[in-house]
Amino acid sequence: MPRRSLAELRFPYKGLNESFSYHGQRSDTSAQLQNVRAFDPTTGRSRGGQRAGLTKYLSAQHEGGANHIQCLFSAAFAKDAAYSATTLPTRDIKRIAICAGDVQTFTTSAFATPTSGSNALLSTAPIIQAAQLFDKVYFADSSSEKFYNMTTNRVSAWTASAGTLPNDGTYKPRLICTYRGRICVAGLPKDPANWFMSAVGNANDWDYSPSTVTETQAMSGANSLAGKVGDSITALIPIEDDLLVFGGDHSISKMVGDPMAGGRIDNVTNTTGMLFGAAHTRDPQGNTYFFGSRGGVYRMNPAATTVERITSTVIDERLSTIDVENVVVNLVWDDRTQGLHVFISPLTAAATTHYFYDARQDAWFMDVFGSTDHDPIAVDLFDGDDPSDRAILLGGRDGRVRKMDMTAKDDDGTAIDSHVLLGPIKQPGGSGQQLTELTMVLGKDSYPITCEVYSGSHAEDAFNANPVYTTRLYKGRNSVKRPRVRGHAMYIKLRNRQSGENWQFESAIAGLEVYDGSGQRIYN
């Protein structure tokens, strides 16, 4: 006679894990999931459900038209005119978007073009980087020498008052950042291992050999005791005030201190390099996350002394097969969800997958947006004064800026196809079983979802099978379902793909009849 058994089906709060065997899938992980989170974004509770969606940050399209956003950048500067002794100090924040070489500022209401902002930069550059020094934002696009003055609202030519702005005779820099009050640039195709720094506090002073040597003068790798980096520079990451990390093609180095005050360059690792551009970010603890030049996501400690590959035992195989020469990868840390977004967008519109790392659970989740227009080429973590303005901004392929919206139930009107696979449900020793009951509880505000049962003679069989039982689940406690499905291994899939809907998972119990004896074949 069969014996009764109950199995709790837990939401995989430890995320996607594709490194185990089908039969040996660890508890609290899933072999397949998409567009879900362990923490429900509507309440912040650890109960599982659909991820938050996307909404337009502003309804207008950029002046650059239906071309991808090349750069998103936000900069804060003093607003002296608004200050009074009876009010809190205020600041102006400029949100800058570049598309087809056109520089525009924007608010939640509209785009605006600064004086000389149209056709200011290289329209064909895949990405454009920016860096702020005081009230000016300087650009690097490999071709132009321009900056935006936030006080005068004008884009102007960037010219050197001393020395010469860095170039290799053909190209201008493609990488830029601010370090120790200096504008730092790199990424010259014909001088890829060299770096260049302006004088402290003066982005126009590039004189590496002034008549009087000072600790604040301009300097480059070719003119300093620190020397060039022993690799092609692919990323510039300033960390606090005494550490500048150089991502390389196949290595990582760091500058400790200032090059004119005894600063030196040390090797961090030769195990991996970094992807070109903005494939890096930092968390509140000072850890740096980056996408490796050979695939995989890494974490580097605040002192830039150790590097670990955090995808190696989870989803590494799928990240190792990405064509890194034809995608733009952006990493951004999300304080609200306490995790890392890894956006992987092909330069030419095509199906793609993005990833979210939940640091609270050390768990990875897979995301697919509702349209390829939503896949971001440029990303900015905007820290506005208004709570509604504190958001991750995504520059799409269609010249529009969207934001990750915790209240959105779809991706800017396009349905989110969210699903998760629970299981496998199996018995020790391979005993046969029959799924006789399913007791499911969803959130009280959950939209309906589809529940499917997959069955097979072993876990891999069930994983690749077609569903043998399908039912609908609704908010709150559902009536007991009676699938009467037999198999040595089973999976339960929960799914929703309707626009304007989301769902939350509370609990699930599977009622089983177990047939003892490995010789008992009950699978049909």
Residue match in region 241-253 (condition: at positive phi, surrounded by fewer than 21 Cβ atoms within 10 Å (Cβ to Cβ) and at pLDDT below 95): no
Residue that is modelled with the lowest pLDDT [pool: residues in region 1-37 that are part of a strand (DSSP E or B) and open to solvent by 70 Å² or more (accessible area, probe 1.4 Å)]: ARG3
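Please verify whether ASN194 is farther than 23 Å from GLY227 by Cβ and either surrounded by 20 or more Cβ atoms within 10 Å (Cβ to Cβ) or modelled with pLDDT of 95 or more (or both), treating the condition exactly as stated.
no
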Given (1) touching a residue at least 40 places away in the same chain (Cβ under 8 Å); (2) surrounded by 18 or more Cβ atoms within 10 Å (Cβ to Cβ); (3) of a type outside the set (Phe, Trp, Tyr), number of the condition LEU473 does not satisfy: (1)
Residue within region 219-240 that is open to solvent by 70 Å² or more (accessible area, probe 1.4 Å) and farther than 26 Å from PRO189 by Cβ present: yes
Selection count where residues are over 15 Å from the mean Cα position of the chain (by Cα), buried (at least 17 other Cβ atoms within 10 Å of the Cβ) and of a type in the set (Val, Ile, Thr), scope region 300-323: 4
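On the given criteria, is THR43 at pLDDT 95 or above and open to solvent by 10 Å² or more (accessible area, probe 1.4 Å)? Working first, answer last.
Details: at pLDDT 95 or above: no; open to solvent by 10 Å² or more (accessible area, probe 1.4 Å): yes.
Criteria not met by THR43.
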Conditions (1) closer than 15 Å to LEU394 by Cα; (2) in a strand (DSSP E or B); (3) open to solvent by less than 30 Å² (accessible area, probe 1.4 Å); number of the one not met by PRO376: (2)
Some residue of region 38-53 being out of contact with any His (no Cβ under 9 Å at 6 or more places or on another chain), farther than 26 Å from MET490 by Cβ, β-branched (Val, Ile, Thr) and in a loop (DSSP other than H, G, I, E, B): yes
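Can you tell me how many residues in region 479-504 are out of contact with any Ser or Thr (no Cβ under 6 Å at 6 or more places or on another chain) and closer than 20 Å to THR43 by Cβ? I'd like the intermediate steps shown before the answer.
If we filter region 479-504 for residues that are out of contact with any Ser or Thr (no Cβ under 6 Å at 6 or more places or on another chain), which is where we start, we get 479, 482-484, 486, 489, 491-494, 497-502.
Checking which are closer than 20 Å to THR43 by Cβ leaves us with 494, 500-502.
Number satisfying all stated conditions: 4.
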Residues located in region 96-108, provided they are farther than 26 Å from MET197 by Cα, of a type in the set (Val, Ile, Thr) and assigned to a strand (DSSP E or B): THR105
Matching residues, region 455-483, being of a type outside the set (D, E, K, R) and touching a His at 6+ places or on another chain (Cβ under 9 Å): SER455, GLY456, SER457, HIS458, ALA459, ALA462
Residue within region 286-299 that is free of Cβ contacts under 8 Å to residues at least 60 places away in the same chain, open to solvent by less than 40 Å² (accessible area, probe 1.4 Å) and aliphatic (A, V, I, L, M) present: no
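Which ones in region 254-275 are within 21 Å of VAL324 (Cα to Cα) and without any contact (Cβ under 8 Å) to a residue 40 or more places away in the chain?
If we filter region 254-275 for residues that are within 21 Å of VAL324 (Cα to Cα), which is where we start, we get 269-275.
Those that are within 21 Å of VAL324 (Cα to Cα) and without any contact (Cβ under 8 Å) to a residue 40 or more places away in the chain: THR269, ASN270, THR271, THR272.
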Leading residue by the ranking (most open to solvent (accessible area, probe 1.4 Å)) among those in region 161-181 that are touching a Leu at 6+ places or on another chain (Cβ under 8 Å) and in a strand (DSSP E or B): THR178
Every pair of residues 6+ apart whose Cβ atoms lie under 8 Å, when the first sits in region 232-252 and is hydroxyl-bearing (Ser, Thr, Tyr) while the second is open to solvent by 50 Å² or more (accessible area, probe 1.4 Å): SER232/ASP249; THR234/ASP249; THR234/PHE276; SER251/GLY230; SER251/ASN267; SER251/ASN270
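Could you check, for region 74-95, whether at least one of its residues is open to solvent by less than 20 Å² (accessible area, probe 1.4 Å), modelled with pLDDT of 95 or more and either out of contact with any Lys or Arg (no Cβ under 8 Å at 6 or more places or on another chain) or not in a loop (DSSP other than H, G, I, E, B) (or both)?
So in region 74-95, the residues open to solvent by less than 20 Å² (accessible area, probe 1.4 Å) come out as 75.
Of the ones still in play, those that are also modelled with pLDDT of 95 or more are none.
No, region 74-95 contains no residue that is open to solvent by less than 20 Å² (accessible area, probe 1.4 Å), modelled with pLDDT of 95 or more and either out of contact with any Lys or Arg (no Cβ under 8 Å at 6 or more places or on another chain) or not in a loop (DSSP other than H, G, I, E, B) (or both).
List the strands (runs of 3 or more DSSP E) that sit entirely inside region 262-364 and contain at least 1 residues that are in contact with a helix residue (DSSP H, G or I) (Cβ under 9 Å, 6 or more places away or on another chain). Please lay out each step first, then the result.
Details: elements: 264-269, 280-282, 288-291, 297-300, 307-309, 327-334, 339-346, 354-358.
Hits in region 262-364: 288-291, 297-300, 307-309, 339-346, 354-358.
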Checking LEU188 against (1) without any contact (Cβ under 8 Å) to a residue 24 or more places away in the chain; (2) surrounded by fewer than 20 Cβ atoms within 10 Å (Cβ to Cβ), the condition it does not meet: (2)
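The values are calculated or read from the model by the stated rules, or taken from the named source; none is laboratory data. Note that the structure is predicted; figures quoted are calculated from it, not measured. As a convention, Cβ positions derive from the backbone with ideal geometry for all residues, glycine included, and neighbour counts pool all protein chains shown. The accessibility values were calculated without ligands, DNA or RNA, using every heavy atom of the protein model including side chains. Shrake-Rupley method; radii C 1.70, N 1.55, O 1.52, S 1.80 Å.
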